[in-house]
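Asker: Below is the structure I would like to discuss, written out as C-alpha cells.
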Amino acid sequence: MNSGAENRPPVPCSLAELDAAFADAPRPDTTPLTDDETAALRERLDAQQPGETLTHRERAAWTEMGIIRTRNAVVSMYELVQAEYQQPTASPVSTQFGAGVLAAIEWATGVEPTGPITDEAADQFPPSGVQLYHEEVAALDVAERRRPHRHGQNFAVGVQHALMWLTARTSEPPWGTTPLPHGG
C-alpha cells in the first residue's frame with residue numbers, strides 16, 4: 001500500500017539554505033565591456049564565426065548594441081533590395097517581403113521614428129538592441145499569424161529576417177545571395 005509520503009510536494013529550501021548551497025558557485029563577471037572590447041565583439045559578431053561562444057559580459061553587451069552589421073553592409077543591402085523588390089518579374093510575395101526588409105532597415109537606422117510592425121516610437125535613435133529584438137518578436141507573431149498586421153505576413157517575415165540579420169542573430173542576409181562588404 002502507498003503511504004502517500006512520496007506524493008507530498010517537496011518542502012522549499014529557506015534562503016539561508018540556498019545561500020549555503022550556492023556559496024561556492026562561481027559568479028559571472030558582469031563588468032561592462034570597454035570600448036575596444038565592444039568594437040572587437042562587433043567585428044566578431046559581424047564575421048559570424050561558427051561555433052563561437054560568448055562570455056556573460058559579451059552576451060550582455062550584445063543585447064545593447066543595436067545594429068551589428070557595418071554601415072557599408074547595411075547600405076549595400078538597402079540598395080540591393082530597393083533595386084530589385086519591385087521589378088516586373090518580382091512576385092507579390094517578394095514585393096511584400098522586400099518592403100518589410102526596407103521598412104526594418106529604415107527604422108533600425110533611425111530614418112523612420114516608429115517600428116514597422118508595432119508602430120511604437122523608438123526610445124532613442126537609432127533604436128537599442130532591446131527595441132530591435134522587441135520589434136523582431138512582434139514581426140514573428142505576425143509571421144506566425146498570432147497577430148494581424150495591415151501589411152500582412154510576408155511583410156512581417158521581411159521585417160523579422162532583416163532585424164535578425166542587422167543584429168547578427170543570423171548570418172543569412174534577408175535578400176540576395178551576394179556577400180556584402182565587411183568593415184567600414
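The values are calculated or read from the model by the stated rules, or taken from the named source; none is laboratory data. These figures come from a predicted structure and were not determined experimentally. We place every Cβ from the backbone using ideal geometry, glycine too, and count neighbours over all the protein chains shown. The protein model used for the area step is the full one, side chains on, heavy atoms only, and it has no ligands, DNA or RNA in it. Shrake-Rupley method; radii C 1.70, N 1.55, O 1.52, S 1.80 Å.
Asker: I'd like the GluC sites (Glu not before Pro) in the range 54-136 restricted to DSSP loop residues with at most 16 other Cβ atoms within 10 Å, sorted by number.
Answerer: Within the range 54-136, the qualifying GluC sites (Glu not before Pro) (loop, at most 16 other Cβ atoms within 10 Å) are GLU120.
Asker: Now for a different question. If you place +1 on the Cβ of every Lys and Arg and -1 on the Cβ of every Asp and Glu, how big does the dipole about the Cα centre of the chain come out, in debye to the nearest 20?
Answerer: 500
Asker: Pull out a ≥ b ≥ c, the square roots of the eigenvalues of the alpha-carbon gyration tensor of the range 88-127, then state rounded if a/c is under 1.5, prolate if not and a/b is larger than b/c, and oblate in the remaining case.
Answerer: prolate
Asker: Let me have the relative contact order for the chain, percent, based on Cα pairs under 8 Å that are six or more residues apart.
Answerer: After rounding, I find 25 percent.
Asker: Another question about this same structure. Which one, ALA23, ALA162, ALA73, has the greatest fluctuation when you compute a Gaussian network model over the chain with C-alpha springs under 10 angstrom?
Answerer: ALA23
Asker: While we're here: Rounded, prolate or oblate, given the Cα gyration tensor of the range 23-85, with a/c below 1.5 counting as rounded?
Answerer: Prolate is the answer for the range 23-85, as a/c is 1.5 or above and a/b outweighs b/c.
Asker: Out of [x] 72; [y] 60; [z] 65, which label holds the value of percent of Cα pairs over 19 Å apart that was computed here?
Answerer: Of the labelled values, this structure produces [z].
Asker: Shifting gears a bit: Could you state the angle between the C-alpha long axis of helix 92-108 and the longest principal axis of the C-alpha atoms of the chain, as a value from 0 to 90 degrees rounded to the nearest 10?
Answerer: 70
Asker: If you fit an axis through the alpha-carbon atoms of helix 153-166 and take the longest principal axis of the Cα set of the chain, what angle between them do you get, 0 to 90°, nearest 10?
Answerer: So the inclination is approximately 70 degrees.
Asker: Picking from LEU41, LEU18, LEU166, which is most flexible by a Gaussian network model of the chain using Cα springs under 10 Å?
Answerer: Among LEU41, LEU18, LEU166, the largest GNM mean-square fluctuation belongs to LEU18.
Asker: Which shape class, rounded, prolate or oblate, goes with the range 59-156 when its Cα gyration tensor gives a ≥ b ≥ c as root eigenvalues, a/c under 1.5 marks rounded, and past that a/b bigger than b/c marks prolate?
Answerer: Because a/c hits 1.5 or more and a/b fails to exceed b/c, the range 59-156 counts as oblate.
Asker: Under 5 Å between amide H atoms, partner at least 5 residues away or on a different chain: which partners does GLY176 have, H built in plane at 1.01 Å?
Answerer: Amide H neighbours of GLY176, under 5 Å, 5+ apart: none.
Asker: Could you order the peptides 26-38, 144-156 from most to least packed, using the average number of other C-beta atoms within 10 Å per residue?
Answerer: Per-residue mean Cβ counts within 10 Å order the peptides as 144-156, 26-38.
Asker: Separate question: Report the FRET efficiency, 1/(1 + (r/R0)^6), for VAL130 and HIS56, where r is their Cβ-Cβ distance and R0 is 25 Å, rounded to 0.05.
Answerer: Between VAL130 and HIS56 the formula returns 0.90.
Asker: I've got another one for you. R0 = 41 Å: FRET efficiency of GLN82 with PHE22, Cβ-based, nearest 0.05?
Answerer: Using R0 = 41 Å, I get an efficiency of 0.15.
Asker: Any idea what angle helix 35-47 forms with the longest principal axis of the chain, computed on alpha-carbon atoms, 0 to 90 degrees, nearest 10?
Answerer: 70
Asker: Here's a follow-up. Between the range 93-107 and the range 115-143, what is the C-alpha centre distance in whole Å?
Answerer: 14
Asker: Right, next: Picking from ALA168, ALA21, ALA121, which is most flexible by a Gaussian network model of the chain using Cα springs under 10 Å?
Answerer: ALA21
Asker: Okay, next question. With every protein chain kept in place and ligands, DNA and RNA left out, what is the accessible area per residue of the chain? Probe 1.4 Å, answer in Å².
Answerer: 62
Asker: Follow-up question, since we're still on this one. If each residue of separation counts as 0.36 nm, what is the full-extension length gain between THR31 and ARG150 once their alpha-carbon separation is subtracted?
Answerer: 38.6 nm
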